[in-house]
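The block underneath contains the structure these notes are about, expressed in structure tokens.
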Amino acid sequence: MRKLNNIFFLSLALGSTQLQAQQSVIYTNDNYKFDKAVSLYSENLYALAQVLFEEIKTTNFNDEIQADCAYYIANCAMYLDQDGAEYKIQDFIKNYPTSSKQVDALSEVCNFYFKKGEYKKVLNYSRGINETVLSDEIKNRLNFQKGYCYFVENKFPEAKEYFSKVTNSEKYDDQAKYYLGYISYQNNDYKTASEYFGEVSYNEKYYEKMGYFKADMNFKSGNFDEAIRLGKEQFSKSTDEEKSELAKIIGESYFNLQKYDEALPYLLQYNGKNNRLNNVDFYQLGYVYYKKGDYPKAISEFNKIIDGSDSVAQNAYYHLGESYLKSEQKTQALNAFKNASEMSFNSKIQEDANVNYAKLSYEIGNPYQSTPTVIISFLQKYPNSAYKEELNALLIDSYISSKNYNEALVLLEKNRTPQNKLAYQKVNFYRGLELYNEGNYADALTLFNKSINEAQDKKMIARATYWKGESEYALNRFNDAKTTFSGFKKLPYAEITPEFKDVNYSLGYANFKLKNYDESVMLFDAYTKSANNSSKKNDAYLRLGDSQFVNGKYWPAMESYNKVIESKGSEVDYAVYQKAISYGFVDRNDNKIKELNSFISNYPNSSYVVDAMYELGSTYSNLNKSDESIATFNKLISQYPKSAFVPKAMLKQGLVYYNEKENEKSLERFKKVVSDYPKTPEAVEAVETARLIYIDSGNTSEYATWIKGLDFIDVSNYDLENDSYVAAEKQLFQNNSKQAISGFEDYLKNYSNGKNALKAEFNLAELYVTENQVNKAVPHYKSIVGKSKNEYTEVSLVRLTDYYLDNKQSAEAIPLLKRLENEAEKEQNKLFAQANLMKVYSESDDTKSAESYAEKVLSNSKVDKRIKADAQLISARAAIANKDWTTAKKSYAELLTTANGEIAAEALYYDAYFKNADKKYEASNVAIQKLAKDYSSYKYFGAKGLVLMAKNFYGLKDSYQATYILENVIKNFSDYNDVVSDAKAELAKIKSEESKRNSSVK
């Protein structure tokens, strides 16, 4: 065993003593620094204290010192608002769970965040505090702070719990009782609130604040006089914000006491919550103005109430309706009463609103539903109403006044009561007129017959009878039309109808179409002596002249044509031409030649100029002026090579040469006709005349060789063929349609290539049309237009395209219409082609082509007003699409003066549209109301008009009208997606703006 020497033990002992002395010095020094740091902390010198605590923490490893330093370092960081302070607190709590400073740390951090107003953090940290070790002072402070934090978050039950714990605290009792009083006030427990407020009323700090609460509690308890007294007493002592709230209490108290004059100035001082009023506030202001008779101001407040769906809103909308009525704003009143009638909070108000809504619908029209529907709905809902008799009377008349005849018919069919018979008769008549004006003659005829059969109003029977005749005429039922017009003249009330002045004109036309020229002369002559309509009078003179002309009364015919010429109206060129050729029939050929030459010179663009040239050439020929005849026909052939008169002119030239014994030239002309226009009557006649030349020259074999190559010539049966044709034609002239049809059918069966085959085919087709067998006529018209151009080509093209258009076969119609446009010699047929091409392209959305044809139609001064309206519409729509507002505005303005039906509805909408664009909001609304009243059956434009009306009202600062109308569009017109989409966008925009001043708007 080894032994240690004594020196080692001595040195160890000395070392031990030295170490012990050194530790004592360090500890003493650290205590001094720690105490110094705590002293600095106590003096709120947190930055210096924090530095010293951090220094101590790095040198002193005593657990308690470490914990304390961490506590103070975290607190200093917190009070210095350093980044990461909260993490240091959390680290302290986590790392030193047994430290005596745990509770202090949590209560300190709660106090710190409470002073900063970060109440959620206070509540979060307070949950970790063991309150049993807290002093009473700290505990009361913490309970008050927790109560206040919950109070700020409007968690009143929790706040009440903690405030109740400090009501006996000397430091916090008044504050706690004040807040407990406020919580009771917010919970409408005014008794408890008064008790708490009473306990702290000695304290001026709270007394001033309680003035408002007391006034409000009395107001809410129905003690309005006391609320007014307290409110006024507090008013001068309050801030601007408090004055606004007190003004509301005082004003509404006066309002409830029906002291409206006193209420008004206070209600006007109320600024609302966050400077926004709500629907109740606007209602009270509006009602005060209403009671004072200041309806414009009442309207300005009531109409700020948007999205209302309670008893206040119903009351407001009802009184808004009355205010509008007092101000003669009936459109606006209609909407307000409609809104009030849709709410059931107050049944008396609802019924009264319904009555006003029904009456206004009758008076000004209803854009949402038909007036009869509105009235029927009211009578069904209120069968015992005091207004029952009055509204029943309005119902009967509303079927007529609403002008929505289509819907009215549906309603009347369901309500075939004795008292509705007269209305049913009238509605059938007016709906028939609408259909007639739209060109739907068959359905119009059905309704006119229904109107006649109802037999209530004799004047209405007469009017319906007249239009029945017009419909029959339009359907080419001329015999029926003649009978109907003749019957109309004999009716007892016919003479007092507006139609009576035109019956001779219409009956004259029916006879004219039936070739009853003696009767048509008498009727047209009678009409011209009494007519006021210059256009119809001019046309009657033309048809009078034509009837006299056909009857061989040429001098009277010329006198009739002179009347047209003197008028300088439309169809002057036709009258001049007819007068010229009339001279030939009275043996005044020199006059005829002079007049025809003058006509050709003066009317070079007339559709009759080719007729005039042909007639002039023929007249020269008849007078043996061969050179002039040949020259005239050459001029016709060169200037109008596509005319149906060209083969006729060539044939005439051949005959002239034949008469002049210039056989070579004659044969050249005849063969030219045959080669260029085979299978035409002219070609057949050319072959027959050429035969005479060959016989005269002895060259019959050459003739035989020539005709062998012609598949349309059969000379062997000429006499039989001719007899067959003449027999059929005789039946035609005698108006024996069925026998004529049979005769022409037999002729074509036996002589399909005969001389008269083309003429027979045309006559047969026309007879089929007259007998309403159009399907049988179509193949014959096709055959005619498939041949070389002839005198029947043009009219056959018209008939065939008419058939295709009626049957919606646009693809088949278009090429024929284009051919007719290019080949037609009659101006009315060219116009027919252009008008229908315009319409077909428009319906197929070929806007560019439709617009092009619309321009052509509008350039024609003789266009029918209905066709002109269609062209103007297409032009207007194209202008809208191209944003050519000037052209669109002009076109729609012109349409307003001429159009009817749906076109008129569209024109009226755009009239309103452009007025809106010009900020003429009231004028725009007048147009829309007219649209609603006079064209209610055209729902699409009615819906678009309502959206426009809403925009107008918003421009007029009437938010209620704007939003209500848009909401109704969205609800009632879901079939029109584009309109609803526009309405939704506009509604969202308006509500966004209105929410800035009305807190009820969401």
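Divide by every residue of the chain the summed helix terms, -39500 (n - 2.57) for each DSSP H run of at least 4, and state the resulting mean residue ellipticity at 222 nm, rounded to the nearest 500 deg cm²/dmol. Please report the intermediate quantities before stating the final value.
On the way: 53 runs with 764 residues, N = 1002.
Helix contribution divided over all residues of the chain: -24500 deg cm²/dmol.
For region 474-519, taking Cα atoms only, Rg and Dmax work out to 10.6, 30 Å respectively. With no solvent and one point per C-alpha, what does the Debye sum give as log10 I(q)/I(0) for region 405-492 at q = 0.16, 0.18, 0.21 Å⁻¹? Listed by q, the Debye log ratios stand at -0.57, -0.71, -0.92.
Output needed for region 837-916: three equivalent-ellipsoid semi-axes, defined as square roots of 5 times the C-alpha gyration tensor eigenvalues, in descending order, whole Å. Could the numbers behind the result be given before it?
Numbers: eigenvalues 68, 43, 24 Å².
In descending order, the three semi-axes are 18, 15, 11 Å.
Remark: region 725-804 is approximated by an ellipsoid whose semi-axes, taken from the C-alpha gyration tensor as √(5λ), come to 19, 15, 10 Å, largest first.
Relative to the dominant Cα principal axis of the chain, helix 718-733 is inclined by about 60°. Our summary gives the chain a relative contact order of 6 percent, counting only alpha carbon pairs under 8 angstrom and 6 or more residues apart.
In which sequence would 467, 885, 555, 706 go, from the one with the fewest C-beta neighbours within 10 Å to the one with the most?
Details: 467 22, 885 13, 555 10, 706 18.
Listing 467, 885, 555, 706 from fewest to most nearby Cβ atoms yields 555, 885, 706, 467.
Relative to the longest principal axis of the Cα atoms of the chain, the long axis of helix 737-750 makes an angle of roughly 80 degrees.
Over region 412-537, calculate the relative contact order: mean separation of alpha carbon pairs under 8 Å at least 6 apart, over the residue count, as a percent. Please list the in-between numbers first.
Details: 162 pairs, mean separation 21.1, N = 126.
The normalised contact order for region 412-537 reaches 17 percent.
Report the percentage of all Cα-Cα pairs in the chain whose separation exceeds 41 Å, rounded to a whole percent. Cα-Cα pairs of the chain separated by over 41 Å account for 65 percent.
Projecting the Cα atoms of 728, 637, 186 onto the charge dipole of the chain (Cβ charges, centred on the Cα centre) puts 728 farthest toward the positive pole.
For the chain, give the magnitude of the charge dipole about the Cα centre (Cβ charges: +1 Lys/Arg, -1 Asp/Glu; no others), in debye to the nearest 20.
In debye, rounded to 20, the chain gives about 640.
Principal-axis analysis of the Cα atoms of the chain puts helix 279-292 at an angle of about 70° to the longest axis.
Hey, any idea what Rg/Rh is for region 945-1002, computing Rh the Kirkwood way over Cα pairs?
Numbers: Rg = 10.9 Å, Rh = 11.3 Å.
Rg divided by Rh gives 0.97.
Where does the charge balance sit around residue 102 when Lys and Arg score +1, Asp and Glu -1, over other residues with C-beta under 15 Å from its C-beta? Each step should come with its number before you reach the end.
Values: positive: 88, 94, 101, 127; negative: 63, 64, 68, 91, 104, 108, 131.
In short, -3.
Pair-distance distribution of region 781-907: all C-alpha pairs, bin width 5 Å, starting at 0; shares per bin in whole percent are 2, 12, 20, 21, 18, 12, 9, 4, 3, 1. When 599, 219 are sorted by how many other C-beta atoms sit within 10 angstrom of their C-beta, beginning with the fewest, the order is 219, 599. With a Förster radius of 60 Å applied to the C-beta separation of residue 627 and residue 771, the computed FRET efficiency comes to 0.80.
To the nearest 20 debye, what is the magnitude of the charge dipole of region 405-492 about its Cα centre, counting +1 on the Cβ of each Lys and Arg and -1 on the Cβ of each Asp and Glu? Result for region 405-492 is approximately 440 debye, rounded to the nearest 20. Ordered by the count of other Cβ atoms within 10 Å of each Cβ, fewest first, 691, 276 give 276, 691.
Size descriptor for region 275-402, Kirkwood hydrodynamic radius: 14.9 Å (Cα pairs only, one decimal).
Each of 557, 175, 103 was scored by the projection of its Cα onto the charge dipole of the chain, and the greatest displacement toward the positive side belongs to 557; charges sit on the C-beta of Lys, Arg, Asp and Glu. Label-to-label distance, residue 638 versus residue 852, with points set 7 angstrom from Cα along the beta-carbon direction: 3.2 nm.
With +1 on each Lys and Arg Cβ and -1 on each Asp and Glu Cβ, how big is the dipole of region 232-330 about its Cα centre, in debye rounded to the nearest 20? Don't jump to the answer; show the numbers that get you there.
On the way: 13 positive and 15 negative charges, 35 e Å.
Using only the charged Cβ atoms, the result is roughly 160 debye.
In the neighborhood of residue 129, defined by Cβ-to-Cβ distances under 13 Å, what is the net charge if each Lys or Arg adds +1 and each Asp or Glu adds -1? Spell out each step's value before the answer.
Details: positive: 101, 127, 139, 141, 146; negative: 104, 108, 131.
So the environment of residue 129 carries a net charge of +2.
Taking the radius of gyration and the Kirkwood hydrodynamic radius from Cα positions alone, what is the Rg/Rh ratio for region 673-761, to two decimal places?
On the way: Rg = 14.6 Å, Rh = 13.9 Å.
We get a ratio of 1.05 for region 673-761.
Near residue 786, once Lys and Arg are set to +1 and Asp and Glu to -1 for all other residues with Cβ below 12 Å from its Cβ, the sum equals +4. With only Cα atoms counted, region 209-271 has Rg and Dmax values of 10.1, 29 Å.
Pairs of lysines in region 629-726 whose Cα atoms sit within less than 19 Å of one another amount to 23, provided the residues are eight or more positions apart or on different chains.
Ordering 577, 343, 995 by Cα displacement along the dipole of the chain toward the positive end leaves 577 in first place; charges were set at the Cβ atoms of Lys, Arg (+1) and Asp, Glu (-1).
No value in this document is a laboratory result; all are computed from the given coordinates. No experiment lies behind these values; they were computed from the predicted model shown. Note that each Cβ is placed from the backbone with ideal geometry, even for glycine, and that neighbours are counted across all protein chains shown.
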